[in-house]
Amino acid sequence: MCCGCTVGAVIFSLSSVTPIMASFSAAKFTGVLGMLVMGVCTGLMKAAYTSLGADQFKVPEQREQQKRFFNAFYWMINAGTFVGLFITAQIRDSVQCFGDDCYFLSYIIMAGLMVVSTVIFAAGRSHYKEGLPDKMMIRAVRCVAYAVTKTWDKDREPVQHWLDRAQDKFDAQLLLDVKVTLRVLLLFCTFPLFNTLYYHTSTGMIFQAKRLDGMVGSYRIPPEMSYTANPLLVLALIPLFDFVVYPLLARVGVLTKTTSRMIAGMCFTIIAFLVYALVNMSVEQTFIPPEHARIHVYNALPCQMVVEVPFVKTGQLSVESGSQVVLPSLTVTHGDEVEAKVTASCLAPDMRQVRVRVLGAHETTLLVTSTGVLALPPTLEYIKDEDADTKVSLRTQSFPLSFITLKS
């Protein structure tokens, strides 16, 4: 499976090499194929490497060492995630190749590290102590199937647990293990819902970060690095909780069981996602309904102005010099027009009237300058870019323009 992940990483890397990709469709197909190979191999591998690690310890004698192994195991996973995301974000933000952001360099580093990890894992294969998960799985399935068939027997005897009907064929330890496993499977039913939210940290949260300025002092955090907060916190909190917090809480009898710690962690997870949702609501795209329209007023005058439109409850709105205001949405039918009155001391004459065309789900711009009042046609340009990239819109009545300089 490690070899499969390596092959998938190489295929995925090739999708970013634009000179050898005949078209966008070819790059898309290669990328999807690489992700498919990596996804299948990772899924098969994840089901094995945790149990393989657990099999290296003799329990119950080495139960404490086994716990420490899993803490170290997940610590190293998150260390690799943090370093990988940090390097990838910096490379994409600062290195150019093939005339664009250098995704290829990040992907080929990932593929190279997969090759190294596969070689290291294969080199120690002879020293691993492997259990028999396949045989145990078959025995457990046979035990459940036998107990189910015995349930329908007419001469069955009452038992404390329905699996106890298989005790005449299977040993007591297997029955106990299967009972515990079935109880744990009930908890696993919630995992799809949890992971649906959890993987927003690598998708939705990055798009959210693109809509924020990302500035911490004079340093701009690349949007991709927003995902590094999770592994960074894991790196800090695993040793802190393992060596400090849990031992202190155990002295006062708080959170002494694994299940109680999991419940406490889930409560904090719920709070974290609520915070994420509230932030997302404040930056998410707001679309104008089809039965409404919106007017965006820009004041390019050197003085304050007053805008009067019939659908504003207060009758008029004051707009400072160099400012803008979005008028309340109005209900429209196809091809409506509204009359706007603009009054300002620096206008000549000081009062202007203009008819503004409005259209459902569209925004109309009303631009007021010293040369006059201009109502632009309704547009959908207010909608943010799907990738949250910056869009620049220029509004002017001064023609012709010799040149425009944009500085970031």
TODO: Just need a number here: residues in the range 23-64 that are modelled with pLDDT under 80 and under 22 Å from the mean Cα position of the chain (by Cα).
DONE: 2
Task: Qualifying residues in the range 65-90 (those that are hydrophobic (A, V, I, L, M, F, W, C) and at pLDDT below 80) - the one least open to solvent (accessible area, probe 1.4 Å) - done: Ala89
- [ ] Just give me the residues in the range 261-293 being over 30 Å from the mean Cα position of the chain (by Cα) and in a loop (DSSP other than H, G, I, E, B), in sequence order.
- [x] Glu291
Task: Looking only at the range 272-315, and only at residues there that are under 22 Å from Ser370 (Cβ atoms) and of a type in the set (S, T, N, Q), the one that is surrounded by the fewest Cβ atoms within 10 Å (Cβ to Cβ) - done: Gln304
Task: Which listed residue, of Phe194, Phe170, is out of contact with any Asp or Glu (no Cβ under 7 Å at 6 or more places or on another chain), modelled with pLDDT of 80 or more and within 21 Å of Met281 (Cα to Cα) - done: Phe194
- [ ] Would you point out the residue of the range 331-356, among those that are surrounded by 17 or more Cβ atoms within 10 Å (Cβ to Cβ) and of a type outside the set (Val, Ile, Thr), that is farthest from Gln304 (Cα to Cα)?
- [x] Ala340
Open item on the list: Please go through the range 139-185 and give me each residue that is over 25 Å from Thr259 (Cβ atoms) and open to solvent by 100 Å² or more (accessible area, probe 1.4 Å), ordered by number.
Closed with: Arg142, Trp152, Lys154, Asp155, Arg156, Glu157, Pro158, Gln167, Asp168, Lys169
Task: Pairs where the first residue, in the range 50-68, is in a loop (DSSP other than H, G, I, E, B) and the second is among the polar types (S, T, N, Q) and modelled with pLDDT of 80 or more, C-beta under 7 Å, 6+ apart - done: Phe57/Gln65; Phe57/Gln66; Val59/Gln66
Task: Residue satisfying all of: in the range 205-260; under 20 Å from the mean Cα position of the chain (by Cα) and polar (S, T, N, Q); nearest to Ile383 (Cα to Cα) among these - done: Gln208
TODO: Just need a number here: residues in the range 91-123 that are open to solvent by 40 Å² or more (accessible area, probe 1.4 Å), small (Gly, Ala, Ser), part of a helix (DSSP H, G or I) and farther than 30 Å from Phe243 by Cα.
DONE: 3
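The values are calculated or read from the model by the stated rules, or taken from the named source; none is laboratory data. Just so you know, these numbers come straight off a predicted model, no measurement behind them. As a convention, Cβ positions derive from the backbone with ideal geometry for all residues, glycine included, and neighbour counts pool all protein chains shown. Just so you know, the surface numbers come from the protein's heavy atoms only, side chains and all, with ligands and any DNA or RNA stripped out. Shrake-Rupley method; radii C 1.70, N 1.55, O 1.52, S 1.80 Å.
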